[in-house]
Amino acid sequence: MKRRVLIVDDDAAILEVLEMRLTAMGFEVTATSQPQQAVDVMTAGRFDLAVLDLRMEPLDGIQLMERLHARQPRLPVLIMTAHGTIETAVEAVQRGAFDYLTKPFVRDELRAKIRRALSARRWARDRERLLAVGETFASSGVMERILDAVVQAAVETTEAERAVVFQLTSGRLVPMASAGSPPPSWSALETAAARAIEKGAPMTVPGAESRVIVAAPLVVQRGPVGALVIETPARVEPTEDDLELLALFSSQAAIAIRNTHELERLRSGALAALGRMATQVAHELKNPLAGLRLYARHLEQRLEKGRDVESADLARKVTSTVDHLTAVVSEITAFGRPPELHRAPTSLAALLDECMALARARCPSEGIEIVRSYDPACPEAQVDARELRKAFLNLILNGLEALNDRGRLTVGVLYTAEAQTITVAIDDTGPGMGDETLARVFDLFFTTKPDGTGLGMAIARSVIDLHGGELTIQSSPGHGTRVRIRIPVGGPAARPEAEEAR
């Protein structure tokens, strides 16, 4: 694919010579003697290099360069000047030009400076974005953070309008991260992702309104796990450099997804073993705790009869602590022995309303705004309402407590008919979580609350997993927390048939 060069010079002879030389060098050349026409041409498409004359009317080369940079910030510019205006050309370099050329031209100088400009642009652009993605890899084990960095880098380096990472989950493509402007059609991007996955290699397909969609599969050892998709602005063809970068970013996204899956597998095994051990320990603690509570209660009553108020108060504190330990033991036992689900058609919106009423009673606050957004087309789901209530209540309580009497909690329900899934969204505007906390949020006994057990999130995910669903959390300091729960309408038993149909 040819690189595009824009030449602007009000000297017709020089313009013709430059156009011939650059065309012979293999470039696609657009030449004009009108600075304003150059601005208009830049609005309609993207260039790899601009060669501008310094002395022009009504815009000189520096003014024209600044207007072009307003439309394409990373465009390398070579300023053409006569020997008598070299000082002004140096000023142009200081204000953003890559270099300058002196008239009359020396062929080797022209060729060398053009190649240097193109190489420097690519190196600076690629190095900057690859460093950013690499730093995200090194500093964060959270897949969502890495995918966000990848799509942002893809948009900035290829100068695309938008980029999306799709992950293949249960036979369907789920958008996991996006950057740039919202797509006019998600289905077009999803179709391109599916074709790239099927082909097993990057591919280009035409988009709407003269756009181009490029999709690169995310491939790990077992095969494709998704695709990275970009869509270019209208009438802009992606270059070979863009395709190479897209392949590189897609491999980084694939590594992030693979590492997350491996970490989840290892963590699940460790949590299962820890759960079995904790259940055994909890069983051994039940009877001693019951006896200890009985003795503490008996002591409390005797001290009250003897009117030893201070000692009786201490005895009540012992009883309260024993009750807390008993509740922890009960939660450990519940986690170690997942219940058998009793499914029935249930309105998730009604269940969420019930959980919010319970949560507000436990965590009253006048300074918190609660916003509900329920999809009226959402059908009832085959779920165990009693078990799912535990998960919803825990997640809503976490959101309310994070707000600390100020902010907004948004609870929503969205039905996706094509995938036959219901997505429950619980968002808060609280302080958010750092990477370390987010990476351990589902770990047993990990908590940031002074009186927490560290079991609530692990139990919530266990309940969602039993329903054949998926629980994900996105959060960052200062930007709140976003919880997403995806549950199949008919339960996990409906999945194999759907997957066979695919």
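Readers should treat all values here as calculations from the given coordinates under stated rules, not as data from a laboratory. It should be emphasised that the depicted structure is a prediction, and the values quoted were computed from it without experimental measurement. Counting neighbours? That spans all protein chains shown, and the Cβs are built from the backbone with ideal geometry, glycine included.
At-a-glance table
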quantity	calculated
Whole-angstrom gap from region 347-420 to region 179-232, using each part's C-alpha centre	34
Estimated inter-spin distance, E304 and A234, nm [label 7 Å along Cα→Cβ]	8.0
Spacing of the two label points (7 Å from each Cα toward its C-beta) at L414 and V205, in nm	2.2
Length added when fully stretched, I370-S33, from 0.36 nm per residue minus Cα-Cα	115.2 nm
Relative pair counts by distance (%), Cα atoms of region 341-502, 10 Å bins	10, 39, 35, 13, 2, 0
Lysines whose Cα lies under 26 Å from that of K113, excluding same-chain neighbours fewer than 8 positions away	K2, K103
